[in-house]
Every structure is written in C-alpha cells, then in structure tokens.
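The values are calculated or read from the model by the stated rules, or taken from the named source; none is laboratory data. As the structure is a computational prediction, the values presented were derived from the model and not from experiment. Here the Cβ positions follow ideal geometry from the backbone for every residue, glycine too, while neighbour counts run over all protein chains shown. Just so you know, the surface numbers come from the protein's heavy atoms only, side chains and all, with ligands and any DNA or RNA stripped out. Shrake-Rupley method; radii C 1.70, N 1.55, O 1.52, S 1.80 Å.
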Amino acid sequence: MKIAVIGSTHAGTAAVKNMAQLYPDAEIHVYERNDNVSFLSCGLALYVGGVVQNADDLFYSSPAELKAMGINVHVEHDVSSIDTDEQTIEVTDLNSGETRTDNYDRLVMTTGSWPVTPMIEGIELENILLAKNYHQANRIIEQSSHADHVTVVGAGYIGVELVEAFQQAGKRVTLIDGVDRILNKYLDEEFTDLVEADFTDKGIDMRLGETVARFEGDQKVNKVITDRGSVETDMVIMCVGFRPNTDLLQGKVDMLESGAIKVDDYMRTSNPNIFAAGDCCAVRYNPTGDAAYIPLATNAVRMGTLVARNIMKPQMRNVGTQGTSGLHIFGMNMASTGLTETAAASMGIYVKSVTINEKHRPEFMPTSEDVQLKVTFDPDSRSILGAQVISKADVTQSINTLSLAVQTGLKIDELAFVDFFFQPHFNQPWNFLNKAGLAAFEQSEPVTPRERIQA
C-alpha cells in the first residue's frame, strides 16, 4: 500500500506518525512546502512576545524523526496537481525546480489553511505581514524590532494575542476589526466587554466597527485608512481569518461553499481513495449536527489520528467537535465551547441561557476571584448546547467538562446534580457548574409559540 500525504502540520504529522506505527509495511510519502513540519501556530504570539525563547520548542516533530520512523519525507516539495482518476500527483522540488509524477493507492489531504488576504489597495506594501507559520513569525519578530506603532487587523484569537504581545513589548498598538466587538465568534457581549475594558485601560487603540479601505506608504506602509478615519503606523499584521487550502481538489471531491472538504465519520471524502483531515476540511459540529469549518489544532490532531486508524478499513468514528477553545490575555482566563447566544441567533436557533457570577472559592481563602459562567441550552430538550467562562482564576477546565456535556447530550437540569468534589483551595461547596443547572430550574416552564416569535 502506497500512501501519499500532502501537508505536514498538525493533521499531517499525526497521520503519518500513527500510520508508520500501525502499518509498518506501508510505503508512506509526505509532501510539505516548508522546510519544517509540525509547527504549533497557536504558540506564534508567545514566540513573538518572547514567552517562548527557543523556537524549537514550537515543533513537536521533525523531518529527521519522521524519516527515522521509515516515512519518506519530501520537505520543500510542492504538489501542483492531482489526477484522481489515475491516482497520481505532480510534485515540484522547490530547490532544484525538478518536477515529477508520483502515484498513490491512498491520498491524505492535510493541506491546512492560509490567512485570508483581502484585496485591499496597498496590501502589497512592505511591513504588511501575515501570521501563520514559523517563517512569518520570524519576520514579525524581525520587523517589529524596528517598529514603534503596530496595527493589528482582525480581533480573533491570534489578533488579540498579538496585541497583548506588542503592548507588553512597549509598542503602541491599534486593533482594527469590522465587527463592533472583539472575539465575537467565541464569546457573547457580556464577556467581550470585560476584555475590551481591559484593553482600553492598557492604552490600546480600539477601532472596532471599522473597515480597512486602503494602506498608504512609500514602499513601506505608514498609514491605514479606514471607513471612519486613519491610523499612522509602522507595521500591519493581517489576522482576518483563515481559508482552507483545497484548490488541488476543487471539483474532484464534495466541499462546503467555503472550500472545506466534506468528510464522513471515518475521514473519507466523496472519493473512496482520498481522506482529509485538519484545517482543509469540515467537521461535524455537535451542537447543530451540521458540517462546519472549525480550524483548530485540537480538531486537526484528532482527525489526523483517525485517518491513520481508518485508512485501511473503517474502524473508529469521529465523535465530532464542539469547537472548544481557550485564551489567556492580560491575566484573564477565558474559554468557550459550543453555541454562544450570538452564534445561535445568527443561525436562527432559539436557545435559552443561564449566567452565574460568583467567587471561584470561599472568601475566607487568601484570594478569591470573580467567575462569570454562561451556559446555553435548548429550551425544549433541555440539552446543553454551549458555555463560556471568564475569570482571573484559571477555571477554564470547566469548559472541557461542558464540552463533554454537549457531546453526550447532558441536560441542563442534570448538570445541577453532577458529582463534583469540594475543597476550599479550588472551589465552593456548590460548584458553579452545579449552580448553573440549579438556576436553569427557573427557566423550566414550557416555551410558548409567542415567546419563540418574540425571541
């Protein structure tokens, strides 16, 4: 069996390492455009900010390790086309320029994603940078050393993490986003209000609800023009989102409108000899049951591992995802899973929620921090659909618990009586998760048609 794997970050590395162990007789080839594998892009801001001093720590594998496992590793090789009928790929060695045709019995697409780069006038100017891979991270570090003012476009996870890194490095920072609040895909307004207030207190220039119209400068960018004003700057980091890298299979396998490859529970595409995993494909989103594009490293590693398990025959199903994620910004710990009220409203899904505000442990302890928890649930079935938490105390593991609750269909009322331990160093006699379930009893009345219409 000859297996070709295109791309080797999270999903690709997980796939080939597991396949090498499971199928020692298989001939495994991995093709990667970069000169490295397995870069943890989620640690990019920590690297830029100097928290991670050694760049090698951001790689959990290497071409040498993969070769030692018997894998044929082709770094700095670009796959330019795929013939799904003949089961061949066209490969170019980026160093020599030589092009060849390789064949496969099974093909694994783990090509990942790429930052969205809007067609904005002046975007080709120097010092307008992307934030995704290792080489881009090094360029950001190099260029920012000469910058006094940095503008970040995009207020998602990577954007706000870079804002923190630059602010702590003593830079003047502007954050621009077309939406009127930050982290809107992950948290509801009462949570983002807390983070935005902290950003403002730290002197960060918040330009929310503004759209970039063009960039200006003589070779290098020196001004950002928005629909509501302008910002003089020395450097711009574009963090407006990611798109799946799936051009090689356009029209050859089923995809979402976004270009994300559709896969079944065993990571198979609509072509039985092609599998896909990671940021290039869609995954089942458990709160709705629909396929969705959720580019997260956790999803990628799980899916890559499942490809290895299922590539010879279907053995292990993917249980789907809740899109669970967490963030630490300026001493605030926050995490979310599943549907927020904002996301539910945008999908036309009627939900109810309960919000708990309390101390994370008894106030007789030396310190006791505020905790805000919000749990979203289906008012008819009472199934938990999502949750969010924020605190200076690290209580983010509670969101992993609620992720499991969403995945298994736990009812909000059952949450009231789940067995959680109590110890004053860690929590209250009634865990705040239990209290969310208890509070939901107040919303247990039947939902009327009029209430649905008003919602």
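With all protein chains present and a 1.4 Å probe, how do Asp413, Asp247 order by accessible area, largest first?
Largest accessible area first, the residues go Asp247, Asp413.
Give me a comma-separated list of calculated 3J(HN,Hα) values for region 312-322, in order, Karplus coefficients 6.51, -1.76, 1.60 applied at θ = phi - 60°, integers in Hz, x for any Gly or Pro.
8, 7, x, 10, 9, 7, 7, 7, x, 9, 10
Ignoring everything but the protein chains, give the 1.4 Å probe accessible area of Cys239 in square angstrom, nearest 10.
20
Cα to Cα, under 14 Å, and not fewer than 8 places away if on the same chain: which aspartates and glutamates meet these conditions relative to Lys313?
By straight Cα distance, Lys313 reaches Asp105, Asp264, Asp265.
Using volume of the Cα convex hull per residue in Å³ as the read-out, say which of (i) 151; (ii) 174; (iii) 537 was calculated from these coordinates.
(ii)
Consider a paramagnetic label point 7 Å from the Cα of Phe421 along Cα→Cβ; state which residues of region 349-365 have an amide N under 13 Å from it.
Label zone hits: none.
Can you work out the FRET efficiency for the pair Glu126 and Val51, with r the C-beta to C-beta distance and R0 = 22 Å, to the nearest 0.05?
Computed FRET efficiency for Glu126 and Val51: 0.20.
Using only C-alpha positions, report the orientation-averaged shadow area of the convex hull of region 218-308, nm², one decimal.
Averaging across all directions leaves 9.4 nm² for the Cα convex hull.
Relative contact order of the chain, please, whole-number percent, based on alpha carbon pairs below 8 angstrom and at least 6 residues apart.
Relative contact order comes out at 13 percent.
Just how large is the dipole of the chain about the Cα centre, in debye to the nearest 20, putting +1 at every Lys and Arg Cβ and -1 at every Asp and Glu Cβ?
The calculated dipole for the chain is roughly 940 debye.
List the aspartates and glutamates whose Cα sits under 19 Å from the Cα of Lys352, skipping any in the same chain fewer than 8 residues away.
Asp188, Glu189, Glu190, Glu341, Asp378, Asp380, Asp413, Glu414, Glu442, Glu445, Glu451
In what sequence, largest accessible area first, do Glu210, Glu257 appear using a 1.4 Å probe?
Glu257, Glu210
Give, in nm to one decimal, the length gained when the segment between Glu363 and Tyr23 is fully stretched (0.36 nm per residue of separation minus the Cα-Cα distance).
Difference between extended and current length: 116.8 nm.
Return the calculated 222 nm mean residue ellipticity for the chain, to the nearest 500 deg cm²/dmol, obtained by summing -39500 (n - 2.57) across DSSP H runs with n ≥ 4 and dividing by the residue count.
Calculated at 222 nm, the ellipticity per residue is -7000 deg cm²/dmol.
Give me the distance in nm between label points sitting 7 Å out from Cα along the Cα-to-Cβ direction at Asp265 and Ala169, one decimal.
Taking the simple label geometry, Asp265 and Ala169 are separated by 4.7 nm.
Among DSSP beta bridges lying fully in region 128-238, give the percent that are antiparallel, nearest 5.
Antiparallel bridges make up about 40 percent of those DSSP assigns within region 128-238.
Just to be sure I understand: of the beta bridges DSSP finds with both ends in the chain, what percent are antiparallel, rounded to 5?
In the chain, DSSP labels about 60 percent of beta bridges as antiparallel.
Of Val150, Thr111, Thr88, whose Cα points farthest to the positive end of the dipole of region 53-210 (charges on the beta-carbon: +1 Lys, Arg; -1 Asp, Glu; origin at the Cα centre)?
The Cα lying farthest towards the positive end belongs to Val150.
So for the pair Lys411, Glu232, with labels modelled 7 Å out along Cα→Cβ, what separation do we get in nm?
About 6.4 nm separates the two model spin labels.
Based on the Cβ-Cβ distance of His146 and Val179, what FRET efficiency does E = 1/(1 + (r/R0)^6) give at R0 = 35 Å, to the nearest 0.05?
My answer for the efficiency is 0.70.
Along region 214-223, what does the Karplus equation 6.51 cos²θ - 1.76 cosθ + 1.60 (θ = phi - 60°) give for ³J(HN,Hα), rounded to whole Hz, x for Gly and Pro?
6, 10, 10, x, 9, 6, 9, 5, 9, 7
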